[in-house]
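Chemist: Before I ask anything, here is the structure I am working with.
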Amino acid sequence: MYRVTIQNETSLPEFRDHVRTLIGARIKPRDVTFSTAESADLFGETPPADRKVPAFTVPGAYVELAQVVLSHRDPARFALLYELLWRLLHEDRKLMSIHSDPLLHKLRHMEKSVRRDLHKMTAFLRFRKVEDDDGELYIAWFEPQHLILGAAAAFFIKRFANMRWSILTPDGTLNWDTNALSYGPAVPKAQAPQDDAMEDWWRSYYASTFNPARVNPEMMRSEMPVRYWKNLPETSLIPGMIAAARARTGAMLDTAPTEPRKNKSGDIVMREFFASDAPQVSVIAGTLAALRAEAASCRRCPLYGHATQTVFGEGPERAPVVFVGEQPGDQEDLGGKPFIGPAGQMFDRALAEAGIARPMVYVTNAVKHFKFVPRGKKRIHQKPNAGEVEHCRWWLERELTLIQPKLVVALGATAVKALIGKDVKITEMRGRLLTIRDGLTLVATAHPSYLLRLPDAAVKAAEYGRFVEDLTAVARYLPEIAKTA
Ligand code: URA
């Protein structure tokens, strides 16, 4: 028997990586158990991850279904999804359209339940205004049926982008500061404010989002049971709006319709919650593997749109030193690994000369997507701007928190900016040790791409020598990273 332990239960990239390994090792659904980090199963072997997995494709409809069903609370969902995938690959490629199939039917039912829960959260959640040291803060309490916090966050960020808000739930807390989302621990319901200050605001919000074409009193009653109506500020508006609905519907019919978005298989994509352009939501992953899996679908800034993939850091989970570059280049973008192109080759050579074993250190970038402009067949590197660096700090901070290195080496000014939030010239920082937080020291040196660009051979050789000296100082500071052979 094999066992798979899921770190981030709702993460599609993590699930995809696990099932890829299982498919690659030809492990049948009945020979594997799935559990989460909290309920980790101690029995069974970990599936062999070293096999070369042959490329395979999966119908888009399966991916969409899996993305939603992963938010269902039923612990059996991973096994059910894997069984469906196995059958799609080994029995019937058309299985996604056989609606009478009991397994597909069950999964569709689970999908519906998650969607209904998302709808309820976005429709019935009520914010209350409070004041804290930073001004107005809107707080809401909600008890979702499923694990939809991450998926729902995209909706609330879009709708209330300019408000600072917190959504408290028994599963955890979402906090939006108008710029970044953070995820905190669960809090008791008693901490949610109960006053009525927001009621007028809700009335106008509801009136402005009311869709007359959808008025169906029967359905409204089943979705929002009448016994709750008296507690919701906007319900006093409903009779008047129903009366006006016919006229407003006529006006809407006169307006040209917009084309619905379609996915690759031609299905209309109706979902706002999982829309590809929705702001990305991250939860705090407990391992580097889980963090990497999450970062694979990062959409915190627009750079993901043109890059091939997220290039996440690489190295041991407990590396004593982390090297931070600027952003992946052309080859890193294609290969999915940091520092493997020309700058990476120079970096490797300098590390070797300094006596550092690259497998002993963690190498990452301030920005995890390649930023470029196309010129003919070439993709020309563009320096990331302050906003992009700031958005991507989300990942770098978490890498550092999980790895807990003693030393972080900034390769170039962008890395310094990501680490201390300031524009500082490398010439001013070089050779100085700076404590940036408890137990973490920063040192800065040149970026290998800067060395590569120097036109004068003699200057280039001298600068390369200084770079190797800086790395040698790092090796002296941390003898545990020395090359053994
Ligand atoms: N330059 C960087 O800063 N990082 C890479 O990964 C490659 C080139």
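Chemist: Going by average Cβ density within 10 Å per residue, which order do the peptides 360-368, 73-81 take, highest to lowest?
Modeler: Descending packing order for the listed peptides: 360-368, 73-81.
Chemist: Same structure, new question: May I ask you to derive the relative contact order of the range 373-451, considering only C-alpha pairs under 8 Å and at least 6 residues apart, and to give it as an integer percent?
Modeler: The value is 27 percent.
Chemist: Applying 1/(1 + (r/R0)^6) with R0 = 45 Å to the Cβ-Cβ distance of Glu143 and Ser97, what FRET efficiency is obtained, to the nearest 0.05?
Modeler: 0.80
Chemist: Within 12 Å, Cβ to Cβ, of Leu137, how many net charges do the neighbouring residues add up to if Lys/Arg are +1 and Asp/Glu are -1?
Modeler: Net charge around Leu137: -3.
Chemist: Under 5 Å between amide H atoms, partner at least 5 residues away or on a different chain: which partners does Phe323 have, H built in plane at 1.01 Å?
Modeler: Amide H neighbours of Phe323: Tyr362, Val363, Thr364, Val409.
Chemist: Would you kindly derive the ³J(HN,Hα) couplings of the range 110-124 from the backbone phi angles with the Karplus curve 6.51 cos²θ - 1.76 cosθ + 1.60 (θ = phi - 60°), listing them in order in whole Hz, with x for Gly and Pro?
Modeler: Working through the residues one at a time gives 5, 4, 4, 5, 5, 5, 5, 5, 4, 4, 4, 5, 6, 8, 10 Hz.
Chemist: Something else: Quick check on packing: order 60-72, 22-34 by the mean number of other C-beta atoms within 10 Å, highest mean leading.
Modeler: 60-72, 22-34
Chemist: How much length is gained if the chain between Val459 and Arg87 is pulled fully straight, taking 0.36 nm per residue apart and subtracting their Cα-Cα distance, in nm to one decimal?
Modeler: Additional length available on full extension: 127.7 nm.
Chemist: Let me ask something additional. Explain nothing, just compute: Karplus ³J(HN,Hα) = 6.51 cos²θ - 1.76 cosθ + 1.60, θ = phi - 60°, for every residue of the range 91-100 in order, whole Hz, x for Gly and Pro.
Modeler: 10, 8, 5, 9, 3, 4, 9, 9, 5, 7
Chemist: Calculate how many DSSP beta bridges within the range 338-485 are antiparallel, expressed in % of all such bridges and rounded to the nearest 5.
Modeler: Beta bridges within the range 338-485, antiparallel portion: roughly 60 percent.
Chemist: What relative contact order, as a whole-number percentage, does the range 2-119 give when Cα pairs under 8 Å and 6 or more residues apart are counted?
Modeler: Taking the mean separation of contacting Cα pairs over the length of the range 2-119, I get 28 percent.
Chemist: Sort the following peptides by mean Cβ neighbour count (other Cβ atoms within 10 Å, averaged over residues), highest first: 436-447, 110-121. Don't skip to the end; give the middle numbers.
Modeler: Details: 436-447: 17.1, 110-121: 18.8.
Ranking the peptides 436-447, 110-121 by packing returns 110-121, 436-447.
Chemist: Using amide H atoms built in the peptide plane, which far-off residues or other-chain residues are under 5 Å from Val4 H to H?
Modeler: Residues meeting the amide H criterion: Thr33, Phe34, Ser35.
Chemist: Residue by residue through the range 457-463, which ³J(HN,Hα) values in whole Hz follow from phi under the Karplus form 6.51 cos²θ - 1.76 cosθ + 1.60 (θ = phi - 60°), with glycine and proline marked x?
Modeler: Those phi angles translate into 4, 5, 5, 4, 5, 5, 5 Hz.
Chemist: OK, next. First compute the accessible area of the range 58-137 with a 1.4 Å probe, then give the percent of it belonging to carbon and sulfur atoms.
Modeler: 52 percent
Chemist: Just subtract the alpha-carbon distance of Thr427 and Ala386 from 0.36 nm times their residue separation and send over the number in nm, one decimal.
Modeler: Going from the current span to full extension adds 12.7 nm.
Chemist: Expressed as a rounded percentage, what relative contact order does the range 288-481 have, with Cα pairs under 8 Å and six or more residues apart?
Modeler: Working: 332 pairs, mean separation 47.0, N = 194.
Over the range 288-481, the number comes to 24 percent.
Chemist: Which far-off residues, 5 or more places away or on another chain, put their amide H under 5 Å from the one on Phe372, with H placed in the peptide plane?
Modeler: Distant-sequence amide H within range of Phe372: Gln382.
The values are calculated or read from the model by the stated rules, or taken from the named source; none is laboratory data. The shown structure was predicted, so the numbers you read here are calculated from the model rather than taken from an experiment. Glycine gets a Cβ as well: all are built from the backbone with ideal geometry, and neighbour counts include every protein chain shown. Remember, those area values only see protein heavy atoms, side chains included, never the ligands or the DNA or RNA. Shrake-Rupley method; radii C 1.70, N 1.55, O 1.52, S 1.80 Å.
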